[in-house]
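Right, one structure below, let's go through it.
The values are calculated or read from the model by the stated rules, or taken from the named source; none is laboratory data. What you are looking at is a predicted structure, and each value in this text was computed from that prediction instead of being measured. Positions of Cβ are generated from backbone atoms using ideal geometry, with glycine treated the same way; all protein chains shown enter the neighbour counts. To get the accessible areas, we keep the full protein, side chains included, count just its heavy atoms, and leave off ligands, DNA and RNA. Shrake-Rupley method; radii C 1.70, N 1.55, O 1.52, S 1.80 Å.
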Protein chains: 2
Amino acid sequence: MHKNLHKNSWFGIVCVGTMENEGQLHNIRHSLAHLLAIAVLKHDPKAKLGIGPVIENGFYYDFLLSRPLKESDLSAIEKNMKKLIGSKLDFTGREISKKEGEELFKDQPFKLELLEEFSKDNLKLTVYTTGTFTDLCRGGHVQNTSKINANGFKLERIAGAYWKSDQERKQLTRIYGLAFETKDELDGFLRAEEEAVKRDHKKLGRELDLFLIDEKVGRGLPMWTPRGTAVKFELEKFTRELERKYGYEHIATPYLGSEELYRTSGHLDHYSRNMYAPIDMDGDKFYLRPMACPHHIRMYQRKLWSYKELPVRYAEIADYNRYEKSGELMGMIRVRKFQLTDGHIFVTPEGLKEEFKKVCDMIVEGMGGLGLLDIVSYRFSLRDPKNTKKYYPDDNLWNHAEGLMKEALDELELPYVTALDEAAFYGPKLDVQAKNVHGKEDTLFTAQMDFLLPQKFEMEYVDANGEKKRPVMIHRSTIGCLERVFGFLIENYGGAFPLWLSPVQVVIIPISEKFISYGKEVLDKLRGAGIRGELDSQNETLGKRLRNNKMLKTPYIVIVGEQEAVSGKLTAESRDRGQLKDITPEQFMKDILEESRAKK
Amino acid sequence: MHKNLHKNSWFGIVCVGTMENEGQLHNIRHSLAHLLAIAVLKHDPKAKLGIGPVIENGFYYDFLLSRPLKESDLSAIEKNMKKLIGSKLDFTGREISKKEGEELFKDQPFKLELLEEFSKDNLKLTVYTTGTFTDLCRGGHVQNTSKINANGFKLERIAGAYWKSDQERKQLTRIYGLAFETKDELDGFLRAEEEAVKRDHKKLGRELDLFLIDEKVGRGLPMWTPRGTAVKFELEKFTRELERKYGYEHIATPYLGSEELYRTSGHLDHYSRNMYAPIDMDGDKFYLRPMACPHHIRMYQRKLWSYKELPVRYAEIADYNRYEKSGELMGMIRVRKFQLTDGHIFVTPEGLKEEFKKVCDMIVEGMGGLGLLDIVSYRFSLRDPKNTKKYYPDDNLWNHAEGLMKEALDELELPYVTALDEAAFYGPKLDVQAKNVHGKEDTLFTAQMDFLLPQKFEMEYVDANGEKKRPVMIHRSTIGCLERVFGFLIENYGGAFPLWLSPVQVVIIPISEKFISYGKEVLDKLRGAGIRGELDSQNETLGKRLRNNKMLKTPYIVIVGEQEAVSGKLTAESRDRGQLKDITPEQFMKDILEESRAKK
């Protein structure tokens, strides 16, 4: 989002650079920015105009106002804009001289500043006129306001913004608008946004008591509550079972590494901007680790391996710390300490491509198991050979690795996009990208080929001829970092996790105090079978307790009273399947365990 | 050990301070130190004598030699000592003047230095004579060498030592001797030592490939290998199951905490010598946490609790960092980063004693489950009211907490010793002490009552009258820190873990390549049933592979060949129960799962 705004910040009223007209919708949005300026000038004739670009889903315009503007004023401004649309005004453009511009915009200091800049850069100067209003603008408008659907747009909100994003310059008032070709599209977008807000993992995290961000413990250091930890344990189990299936061995290594370790690995040369300052321990200097590869390499090096034993695959849910600015911390998605479902594979060069394909298979199986396949996409990240500072300098290695990875991806027919200058400093990456509910894309995790670290650590294996050879390594994750994937899962399921991931799977509600002991009996049975159950015997009405547990999105609510205690059968309410009546506890448990195992 | 040496360092030849004659064994050892001096002077007449104290299990003497001494010279010296014993020499003491001493020891600069010191301190000066040898000495000898059993002692080894333990002074040669009243006792001690060396967890850790200490990763930061991690996962599972049984909820909190957090808790005032320097994160200061209590308190404080909901019990396998000097790091027992099976209970003051008793019950159940009851003992650690710097100053709180804890311990009839000045800064402790194979005692973990932190964090709950009250908290561990308990387990079992804790439970050895695929079939069955199995199809003889796996102390070795493939039955060798023949795979798996569940 931030990136998009940045790219477009000079677009709209003044269209510089390579930005192209993006069609009718773009023209509608751009035209609406002009109409907004007209309406605001009517509201505040002394307003000074900044810029008014098109953005994702709409437009904005910045103003230096002579009197305060409230959110409640927006509807009057919106009304005026609709009136302008109804007036069927033309947009007409023409080229002007600098002098003519200076006269036209003599009361608009920001426009004069832009005029000055564009002249200096020898840019063509154009203005567009709508009714009596003329703005400095490169164009990209509807021919006539009749092309704009008056019900397809909405002024959204007011925010502050500095002129030219410079905190030293004037603070302006920015008005954001949403705009689409039809009212249906606008309504659809608003509904989706409303849903996204409801699904926001920070909001649901609080409501469902899943995690806790406490400033006193520390910003960027979320804590998992009992309910969240239940999900965490399931994610860990899921990860480890998948890893065992694909032939990984589990190890456990510390979140600290010596200076020498990260000197050897090259992290201190190429990755230190993502690392925190070192800690002195009685004369030894240690870094909070940003990656565990050096630890796994040292684990490999504890013995001499034969080619017959390769690939060696190590997995660990590894603690990491990477540098994040305070301002960029966000819920479980951007944190200062996280646990990556990490792993490293040491393989012969001959076995590399096949092993990399297995890694891709595993990723797809993992994302499928979590139900996230719909929100992930794949990005093949290459180095930019021109960015010599970021990447280890060895053209042959890079070309070989990038070529091999491309072959593997193509053979698997994995749909991917390529991205320049997004590789790791030691090799090309496959990024697993995921979109959050607001449409923002983030990297969930990656898989990387690496010829460099084995060289730096002088790694070896013995080949069929008894000669020492250098293995290649693959860095990869199983389901990404637990914090981030948890955030995505919360949003993806809107907090209504599938049974196997639910913090509490079954809650038992006795209809009155008399049936608490029977409720406990049922609870013990469930827990004995490994089902996460709770008893809600709070001093509240049955209705209130039912509502509470529905709000918590508990998959099964079992109500026990006279009838159930006598018959020994259960009445349950399934979140997803409605009422279940007269079911034996044994059958109920069997069904639950089956549903849980199926991970549906 | 180090402490003992320190206490006795001026004992022996010069007995100052309050050291008392500790009986006949002490006199034998002290006398042997003199005989050692005589024998060394015979070997090297120019040798200068340092001191020769009695230590645990024997004695030593320090010399500045004029020619090198090798371990192989020790037997000749030992022979001479035996000859002196056979000569039935008397030990006779007398008081001397400083002047007489200066004449007697004119060729012994170290003795002259001591003479000077003792005179300055107005100590009585005494010498003891044996044959023609006279030493500056306070006494404590056998009357005659005939009281010494010539077969009851043994010169053990040579080491270097600085005069007065001062690195700036001369380096001397120290000869250690073991001494007992009888040959049987000496032999018994030697056998136990040999066994202890075999069981040393650092040695077994390497031999059985359980963990790895790699200087390049960092001193004091051990890594768990795949085999060690299998044990770690079992310990985690054991811990969490026990915690669930005792009503704990699991949470997960970060190994970092803000400066403000540890300022509030008082750790920065009272515990900072055990903490590392803080890390700056974009303007926020964080400490690697030495304890997780503040995190658990903040977790509790995320909502308002009713007295009906207390006790609230949180458990976490929590990452900790505590300051350790480089020189004191030791295997898995003393490390710089560890994982404590941690937990905190928040309870009403009225419920405190009963809850503390439950904690003790749980500790005993945990130690029993791990088979460690025989090596643990209990220590009730009190504050020293005079040590005002170490402890939070509130006599009433301390008296109440110490009284309540004593009542609980006495009611449980838990055998314990008391220890002054060993409490935590915020409250009295029950320490669970464990002896390692060398007899050295260490604290495995603790349970503590705490009235202070709830006060500092202004914790609350609502009582039956709707009034806000302050809870009390208990800090406690389930089985201690995983690293340390693993070290003790390795030594306790000499690496031959009970089945449920074994890194690999069953290894399958195909007698030849032809039966590898059948072996894999059996392996898949075992793994499918959740048994940790491996296939050993290395290119080695059957005998070699059997020996390897026996050395690894694998509980079950299954050999598959023609007979087994045809009959579908198995032949297994049990580490503890001998040969098992003609057993069906189903029966074998059933037996193994049962044995594993029984944790025997």
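A few remarks follow.
- D (Stokes-Einstein, µm²/s), Kirkwood Cα radius, the stretch A:147-233, 1.306 mPa s at 10 °C: 95
- Backbone phi angles across the stretch B:402-415, fed through the Karplus curve with coefficients 6.51, -1.76 and 1.60 (θ = phi - 60°), yield HN-Hα couplings of 5, x, 5, 5, 4, 4, 4, 5, 5, 4, 7, 6, 7, x Hz in residue order; Gly and Pro are listed as x.
- Across the protein assembly as shown, the volume of the C-alpha convex hull divided among the residues equals 255 Å³ per residue.
- Here the dipole of the stretch A:3-183 is about 420 debye; that uses its Cα centre as origin and unit charges on the Cβ of Lys and Arg (positive) and Asp and Glu (negative).
- Principal-axis tilt of helix A:74-86 within chain A, Cα atoms, nearest 10 degrees: 60
- Shielding score for A:295-308, defined as the mean number of other chain Cβ atoms within 10 Å: 3
- Calculated SAXS-style log₁₀ I(q)/I(0) at q = 0.10, 0.14 Å⁻¹ - the stretch A:207-493, Debye, Cα scatterers: -0.53, -1.09
- Length-normalised contact order for the stretch B:453-541 - Cα pairs under 8 Å, 6+ apart - percent: 19
- Using alpha carbons only, the radius of gyration of the stretch A:422-541 set against its Kirkwood radius gives Rg/Rh = 1.29.
- Three-way shape call for the stretch B:122-184 based on the alpha-carbon gyration tensor, with the a/c threshold at 1.5: oblate
- Spatial offset of the stretch A:518-555 relative to the stretch B:333-397 amounts to 33 Å, using the alpha carbon center of each.
- Take the accessible area of chain B alone and of chain A alone, subtract that of the pair, and you get about 4900 Å² summed over both chains, using a 1.4 Å probe.
- Trypsin sites (Lys or Arg not before Pro) lying in DSSP loop within the stretch B:44-101, provided at most 12 other Cβ fall within 10 Å: B:K46, B:K70, B:K88
- By a 1.4 Å probe calculation restricted to protein chains, A:R470 has an accessible surface near 100 Å², given to the nearest 10.
- Rh (Kirkwood; distinct C-alpha pairs) - the stretch A:303-343, Å: 12.9
- Heavy atoms of B:K203: accessible area, 1.4 Å probe, square angstrom to 10: 60
- Placing A:V335, A:V417 in order of accessible area, with the largest value first and a 1.4 Å probe, yields A:V417, A:V335.
- Among the GluC sites (Glu not before Pro) in the stretch B:368-425, those located in a DSSP loop and surrounded by at most 13 other Cβ atoms within 10 Å of their own Cβ are B:E413.
- Applied to the stretch A:427-444, the Karplus parametrisation 6.51 cos²θ - 1.76 cosθ + 1.60 on θ = phi - 60° returns per-residue 3J(HN,Hα) values of x, x, 10, 9, 9, 8, 9, 9, 9, 7, 4, 8, x, 6, 9, 9, 7, 7 Hz, with x for Gly and Pro.
- Chain B shape via C-alpha gyration tensor axes, a/c threshold 1.5: oblate
- C-alpha long axis of helix A:516-528 to longest principal axis of chain A, angle in °: 80
- When you count the other C-beta atoms within 10 angstrom of each residue and take the mean per peptide, A:101-107, B:503-509 line up highest first as B:503-509, A:101-107.
- Chain B, dipole about Cα centre (Lys/Arg Cβ +1, Asp/Glu Cβ -1), debye to the nearest 20: 1300
- Remark on A:T225: its backbone amide H falls under 5 Å from those of A:F211, A:L212, a criterion applied only to residues 5 or more positions apart or on other chains, H modelled at 1.01 Å from N.
- On Cα atoms only, tilt of A:24-43 relative to the major axis of chain A in degrees: 60
- Per residue, the average separation of C-alpha pairs within less than 8 Å and at least 6 apart gives chain A a relative contact order of 10 percent.
- Heavy-atom accessible area, probed at 1.4 angstrom with all protein chains present, ranks B:T182, B:T478 as B:T182, B:T478, highest first.
- Convex hull volume of the stretch A:359-428 per residue (C-alpha atoms, cubic angstrom): 90
- Value of Rg to Rh for the stretch A:389-476 (Rh from inverse mean 1/r over Cα pairs, i.e. Kirkwood): 1.05
- Computed over the stretch A:3-183, the Cα gyration tensor eigenvalues convert (square root of 5λ each) into semi-axes of 22, 19, 16 Å, ordered from largest to smallest.
- Relative frequency of Cα-Cα separations exceeding 25 Å in the stretch A:499-598, percent: 9
- Rounded to the nearest 10 Å², the accessible area of A:H400 at probe 1.4 Å: 90
- Only one residue of A:T145, A:V231, A:S567 has its Cα farthest out toward the positive end of the dipole of chain A, where Lys and Arg carry +1 and Asp and Glu -1 on Cβ, and that residue is A:T145.
- Total charge dipole magnitude, the protein assembly as shown, about the Cα centre, Cβ charges on Lys, Arg, Asp, Glu only, Debye to nearest 20: 840
- Remark: relative contact order (the stretch B:3-183) = 28 percent; criterion is Cα-Cα distance under 8 angstrom and separation of 6 or more residues.
- CD proxy at 222 nm, helix term only [per DSSP H run n ≥ 4: -39500 (n - 2.57); per residue of the protein assembly as shown; nearest 500]: -11000 deg cm²/dmol
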